[in-house]
1. Just the number, please: Stokes-Einstein D of the stretch 173-222 in µm²/s, Kirkwood Rh from C-alpha pairs, 37 °C, 0.692 mPa s.
2. Among 166, 221, 155, determine the one that fluctuates most according to a GNM of the chain built with springs between C-alpha atoms less than 10 Å apart.
3. GNM, the chain, Cα, under 10 Å: largest mean-square fluctuation among 76, 88, 228?
4. P(r) of the chain in 5 Å steps, Cα pairs, percent per bin?
5. Just report the Cα centroid separation between the stretch 51-65 and the stretch 176-209, whole Å.
6. Mark the label point 7 Å from the Cα of residue 62 along Cα→Cβ and return the residues of the stretch 153-181 whose backbone N is within less than 11 Å of it.
7. Applying a 10 Å radius around every beta-carbon, put 61-73, 231-243 in order of their mean neighbour count, most first.
8. Can you tell me the relative contact order of the stretch 3-288? Whole percent, Cα pairs under 8 Å, sequence separation 6 or more.
């Protein structure tokens, strides 16, 4: 199958998988603390990836391991905890919509740090998208006074890290297989995840025997297998066969899935939040629209 077709298939499948991950995080937090959720997500994912990708790690060259480490920290290591803590205070749908700013941030950071070709309408798209994100946070804070919308900044921080990671993969890891990148990432993340889990009192017998904890662990297993292990490999491949901005545009479709799950789970979503979401999506559209470079 040609890359021009394959990249669209990857984009749609990833949007469905990652769009569903926010509600899985929410369900996982019912019985787990954010630090436990993040650590378990890393460890379950590492287990799955090592089963299928251990041999691929041998293809990584010595000088490439530093980029594998950086990619692991920015693409998974810190964001999994940031999203977990964010969703203790804000709705899963709002977290997903804010995460749709990744393409805009990918372009902005690409321009500033990686010398990406500058397009005038893309800069306009960045400004439009960021204004939509700001409006979404302010509107959410006004209609959900019981929620601490300062936690939305954790999603923004995670989105910046995702944007950096996309540019790094495209610039420095183009020749490494997608499965090798993902497996290598998690090799570095296993030790800190184990330490965090040990100090979180997770292995307390009373805690593990609680029904809420057991159900939450089940949600995290699903999240790790599909939302992290499988999706990371697919995303790495998508970056390699397309470009950073197109690959990060997976967040363009994710809110449709996440908002649907959120509404089914009883989350509030007003017309003004919908308008702010459209502004973000409009910014993403401008970023991806093809025009002549200046």
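1. Working: Rh = 13.3 Å.
My calculation gives 248 µm²/s for D.
2. Maximum among the listed residues: 221.
3. The residue with the greatest mean-square fluctuation here is 88.
4. Whole-percent P(r) values from 0 Å outward: 1, 6, 12, 17, 19, 17, 13, 9, 5, 2, 0, 0, 0.
5. Here the two parts' Cα centres lie 19 Å apart.
6. none
7. Values: 61-73: 15.8, 231-243: 21.8.
Per-residue Cβ counts within 10 Å, averaged per peptide and sorted highest first, yield 231-243, 61-73.
8. Relative contact order, the stretch 3-288: 43 percent.
Only the coordinates and a few stated rules stand behind these numbers; no lab work does. Remember, predicted model here, so these are calculated numbers, not experimental data. Backbone-built Cβ (ideal geometry, glycine too); neighbour counts: all protein chains shown.
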